[in-house]
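> Before I ask anything, here is the structure I am working with.
The values are calculated or read from the model by the stated rules, or taken from the named source; none is laboratory data. Computed from a predicted model, the values in this text were never measured in an experiment. Every residue, glycine as well, gets a Cβ built from its backbone with ideal geometry; the counts of neighbours run over all protein chains shown. The area values use the complete protein model at the heavy-atom level, side chains included, leaving out ligands, DNA and RNA. Shrake-Rupley method; radii C 1.70, N 1.55, O 1.52, S 1.80 Å.
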Amino acid sequence: MAVYSVCVTTGPYLMAGTLDNISVTLLGTCGESPKQRLDRLGRDFATGSVQKYKVRCPAELGELLLLRLYKERYAFFPKDSWYCSFICVKAPDGTCTQFPCYQWIEGYCTVELRPGTATTICQDSLPLLLDHRRRELQSRQECYRWKVYAPGFPGIIDVSNFEEMETDKKFALTKTAPCTDQGDSSGNQYLPGFPMKIDFPSLLHMDPNIRYSATKTVSLLFNAIPASLGMKLRGLLDRKGSWKKLDDIRNIFWCHKTVTSEYVTEHWCEDPFFGYQYLNGVNPVMLRCLSSLPSKLPVTHDMVAPSLGPDTCLQTELERGNVFLADYWILEEAPVHCLNGRQQYVAAPLCLLWLNPQGALVPLAIQLSQNPGPQSPIFLPTDSYWDWLLAKTWVRNSEFLVHEHNTHFLCTHLLCEAFSMATLRQLPLCHPVYKLLLPHTRYTLQVNTIARATLLNPDGLVDHVTSGGRQGLLYLISTGLAHFTYTDFCLPDSLRARGVLTIPNYHYRDDGLKIWAAIQSFVSEIVGYYYPSDASVQRDTELQAWVGEIFAQAFLGRESSGFPQRLCTPGELVKFLTAIIFNCSAQHAAVNSGQHDFGAWMPNTPSSMRQPPPQTKGTATLESYLDTLPEVNVTCNNLLLFWLVSQEPKDQRPLGTYPDQHFTEEAPRRSIAAFQNRLAQISQQIRERNQGLVLPYAYLDPPVIENSVSI
């Protein structure tokens, strides 16, 4: 008789325990144990519990290959979900084998767990294990199905494929979320004080292992309600028409000020701060260095001579690499719609900037269209105050549109959703790349589902705050994806291609490159451990299916994108994984976390414009400026959007934290520890640097970078 000690750890989360019966079977190279119920005196499998049981076998089982969990009804009690963290089995000879689980197990079912040692399909030779991999992937591919949201979009998760959870105790709050009696036949509802329509039915279909808990779902949906009710009580959400004076905008979020938002309010109209935002604002990826001026922007030296100074030549500055361009070509044919029944407008500006001898990036010239001519004047800092400010505000409106739709939502949210889907569908739990990427997929599918149900749905918040509305969003994202390349996706390559490696005070670049290097070093160690040769990469059919599905679903099979369709070397795999992890974590933090900081003062980031771009100079006044900015209620809805998307989940997991031990071998555990130490050093460097800055840049400080796109 052989006796195995089975230690079961239940997760610490709310209602993680279960009353259901749990039984196990151990499968080894020499046999299989009888099914045995895990039962002790008193309560079993309570939240956070660690409990030991004995499993008796007629003989030793040899090397353990699988652990089979049976979850079955207990007496007359209803189904009771269980979060199993991991199970450790100690053999009669003292050998311990850990079986990671880290998932909710719902209903009455059988779950098979493999030991924590990561293996590729090339390393599994036993038919039992190969069949287990096949069945696991088949099951997940049936569960996680692709859906086309709109033509030209990356593939998204089809939430309608999940069974609606009517009786699950853990998610009952989702069904009873407070809402008004207003709604429509599809089940959409309106929140108190919110103009937007919430597509509640789409939020009720989600696998619990990729979904927020009930508390977090409700918290996310209703985080902005106190602010919205405050605006409602003051009559701001219902007030149409122009702002009477700029200072009135200060009172919208009087109780939600930050150091940065206050700085923006004081300095938003200054040229150096306008340029600073291209480096360290929420869209720090727009600038390209120029060696010559494009024909569509006919700026002459005489035009900009007063800004350059008497001893500086425009051509010389171009040759020195001190002149940069922000080109919003993507907006040229963007559709527009109406807000409050009034036509809105979009410009496609060209903004020329100069790095002056003091190291400040300042605007030199702005053309508000892609077509030069008499009706498209080039605005200059020497123009009247209101002409120049209005031109810069048009650029800031373009910044809002390109940032929100492309830099933020497309390049982080939607692409990271596609990465998450491919990882779940093509890689089994025992695969090293699955174990590596899983922390960087946390909540991404859920938060994007919420975004589609609250922001992107017809009559959602996007339709209430932006010049283009939902149709503009669909156009910008599909157009943006059609031009997105692998170079754009990889930070070092992007910086090099844009010619911005030497601009001073570019904190996004400096911090981002350090974090990229730390991720790359970590990934290199993991990949080197599991993929010692080119052949080991090429023969991994699961890995090749994974990268192939990403190419097909995220980038729509577009070869000109430069994204890999197949991986041939460990080096190619390291680069691809580094880019994915960076964009799921650091890049999202850089383009998301500062939205409230830089957007709370609306004139700095207007979401819509009510007058067409000026075709002549000398006509702008304070009154015409206020009549161009968004109306009062549109401003408030815009700021609610910023507030909503700037909220972090309460159970944040910063970059480099891995509370779930999916890797159990010593080598990857050492690599994780080294990665954490390197991130700690980067954090210290950033904080020391920030002490000397008037406006600290902390969005890429590792402790505030979420591991995944989770908000």
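> Within region 364-390, restricting attention to residues that are within 19 Å of Trp268 (Cα to Cα) and without any contact (Cβ under 8 Å) to a residue 40 or more places away in the chain, which residue is most open to solvent (accessible area, probe 1.4 Å)?
Tyr385
> Out of (1) open to solvent by 30 Å² or more (accessible area, probe 1.4 Å); (2) under 18 Å from Gln520 (Cα atoms), the odd one out for Ala579 is which?
Going through (1) open to solvent by 30 Å² or more (accessible area, probe 1.4 Å); (2) under 18 Å from Gln520 (Cα atoms) one by one, Ala579 breaks only (1).
> Among what's in region 402-427 and is under 22 Å from Asn283 (Cα atoms) and of a type in the set (Val, Ile, Thr), pick the residue that is farthest from the chain's Cα centre (by Cα).
Val402
> Moving on to the next point. All but one of (1) closer than 19 Å to Leu293 by Cα; (2) open to solvent by 40 Å² or more (accessible area, probe 1.4 Å); (3) in contact with an Asp or Glu (Cβ under 7 Å, 6 or more places away or on another chain) hold for Val323; state the number of the condition that does not hold.
All conditions pass for Val323, except number (2).
> Take the conditions surrounded by fewer than 18 Cβ atoms within 10 Å (Cβ to Cβ), in contact with a Phe, Trp or Tyr (Cβ under 9 Å, 6 or more places away or on another chain) and among the small types (Gly, Ala, Ser) and apply them to Gly468. Does it pass?
no
> Taking the stated definitions as given, is Tyr443 of a type in the set (Phe, Trp, Tyr), at pLDDT below 95 and open to solvent by 10 Å² or more (accessible area, probe 1.4 Å)?
Spelling it out, Tyr443 is indeed of a type in the set (Phe, Trp, Tyr), at pLDDT below 95 and open to solvent by 10 Å² or more (accessible area, probe 1.4 Å).
> Sticking with this one: Go through (1) touching a Lys or Arg at 6+ places or on another chain (Cβ under 7 Å); (2) modelled with pLDDT of 95 or more one by one and return the number of the condition Leu456 breaks.
Of everything listed in (1) touching a Lys or Arg at 6+ places or on another chain (Cβ under 7 Å); (2) modelled with pLDDT of 95 or more, Leu456 misses just condition (2).
> If you go through region 1-24, how many residues are part of a strand (DSSP E or B) and under 40 Å from the mean Cα position of the chain (by Cα)?
9
One line per residue, one yes/no per condition, for (1) touching a strand residue (DSSP E or B) at 6+ places or on another chain (Cβ under 6 Å); (2) at positive phi:
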| position | (1), (2) |
| --- | --- |
| Gly28 | yes, no |
| Pro34 | no, no |
| Cys57 | yes, no |
| Gly62 | yes, yes |
| Ser85 | yes, no |
| Thr97 | yes, no |
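> From the list Lys296, Lys257, which one is open to solvent by 40 Å² or more (accessible area, probe 1.4 Å) and modelled with pLDDT under 95?
Only one candidate qualifies: Lys257.
> Considering Gly42, Gly62, which residue is without any contact (Cβ under 8 Å) to a residue 12 or more places away in the chain, loosely packed, with under 15 Cβ neighbours inside 10 Å and in a loop (DSSP other than H, G, I, E, B)?
None of the other options fit; the residue is Gly42.
> Within the group Ile705, Ile711, Ile686, which residue is at pLDDT below 95 and under 21 Å from His596 (Cβ atoms)?
Ile711
> May I pose another question? Give me the pairs: first residue in region 102-115 and on the phi < 0 side of the Ramachandran plot and part of a strand (DSSP E or B), second residue modelled with pLDDT under 95 and open to solvent by 40 Å² or more (accessible area, probe 1.4 Å), beta-carbon distance under 8 Å, and six or more apart or on different chains, which are they?
Gln103/Asn209; Trp104/Asn209
> Let me ask something else about it. I want to confirm something. Restricting to region 618-641 and keeping residues that are surrounded by fewer than 16 Cβ atoms within 10 Å (Cβ to Cβ) and either under 30 Å from the mean Cα position of the chain (by Cα) or among the charged types (D, E, K, R) (or both), which single residue is nearest to Leu237 (Cα to Cα)?
Filtering region 618-641 for residues that are surrounded by fewer than 16 Cβ atoms within 10 Å (Cβ to Cβ) and either under 30 Å from the mean Cα position of the chain (by Cα) or among the charged types (D, E, K, R) (or both), the one nearest to Leu237 (Cα to Cα) comes out as Asp627.
> Kindly provide the set of residues from region 27-39 that are closer than 19 Å to Tyr108 by Cα and either of a type in the set (Gly, Ala, Ser) or surrounded by 16 or more Cβ atoms within 10 Å (Cβ to Cβ) (or both), ordered by number.
Those that are closer than 19 Å to Tyr108 by Cα and either of a type in the set (Gly, Ala, Ser) or surrounded by 16 or more Cβ atoms within 10 Å (Cβ to Cβ) (or both): Gln36, Leu38.
> Output the helices (runs of 4 or more DSSP H) that fall wholly within region 478-550 and possess 3 or more residues being at pLDDT 95 or above and over 28 Å from Ile157 (Cβ atoms), or say none.
Those helices (runs of 4 or more DSSP H) span 491-498, 507-530, 534-538.
> Please determine, by comparing only the residues of region 503-523 that are buried (at least 20 other Cβ atoms within 10 Å of the Cβ) and of a type in the set (Ser, Thr, Tyr), which one is farthest from Phe273 (Cα to Cα).
Applying the filter and picking the extreme gives Tyr508.
> If I filter region 480-493 for residues that are in contact with a strand residue (DSSP E or B) (Cβ under 7 Å, 6 or more places away or on another chain) and farther than 26 Å from Trp643 by Cβ, do I get at least one hit?
Checked against the condition, which is being in contact with a strand residue (DSSP E or B) (Cβ under 7 Å, 6 or more places away or on another chain) and farther than 26 Å from Trp643 by Cβ, region 480-493 yields no hits at all.
> Residues to consider are Leu410, Leu427; find the one that is modelled with pLDDT of 95 or more and surrounded by fewer than 24 Cβ atoms within 10 Å (Cβ to Cβ).
Leu410
> Which one of the conditions (1) farther than 27 Å from Thr479 by Cα; (2) open to solvent by 30 Å² or more (accessible area, probe 1.4 Å) does Arg288 fail to meet, given that it meets all the rest?
The one condition Arg288 does not meet is (1).
> Quick check on my filter: what residues within region 335-355 are over 17 Å from Ile366 (Cα atoms) and open to solvent by less than 20 Å² (accessible area, probe 1.4 Å)?
Leu339, Gln344
> Scan region 557-573 and tell me whether some residue there is buried (at least 22 other Cβ atoms within 10 Å of the Cβ), part of a loop (DSSP other than H, G, I, E, B) and under 20 Å from the mean Cα position of the chain (by Cα).
No, region 557-573 has no match at all.
> Right, something else. Which pairs do you get when a residue that is within 12 Å of Leu573 (Cβ to Cβ) and open to solvent by less than 20 Å² (accessible area, probe 1.4 Å), found in region 524-540, comes within reach of a residue that is acidic (Asp, Glu) and in a loop (DSSP other than H, G, I, E, B), reach meaning Cβ atoms under 8 angstrom, with the pair 6+ apart or on two chains?
Tyr531/Asp540
> Quickly run through region 428-460 and pick out the residues that are more than 12 Å from the chain's Cα centre (by Cα) and part of a loop (DSSP other than H, G, I, E, B).
Pro428, Leu429, Cys430, His431, Leu455, Leu456, Asn457, Pro458, Asp459, Gly460
> Regarding Tyr475, is this residue of a type in the set (Ser, Thr, Tyr), in contact (Cβ under 8 Å) with a residue 24 or more places away in the chain and either buried (at least 20 other Cβ atoms within 10 Å of the Cβ) or in contact with a helix residue (DSSP H, G or I) (Cβ under 8 Å, 6 or more places away or on another chain) (or both)?
Judged against the criteria, Tyr475 is not a match.
> Then there's this: Within region 73-91, identify whether any single residue is exposed (fewer than 13 other Cβ atoms within 10 Å of the Cβ) and either among the acidic types (Asp, Glu) or in contact with an Asp or Glu (Cβ under 7 Å, 6 or more places away or on another chain) (or both), and answer yes or no.
no
> Could you check region 589-688 for helices (runs of 4 or more DSSP H) lying wholly inside it with 3 or more residues that are closer than 20 Å to Val346 by Cα and among the hydrophobic types (A, V, I, L, M, F, W, C)?
Helices (runs of 4 or more DSSP H) meeting the threshold: 632-645.
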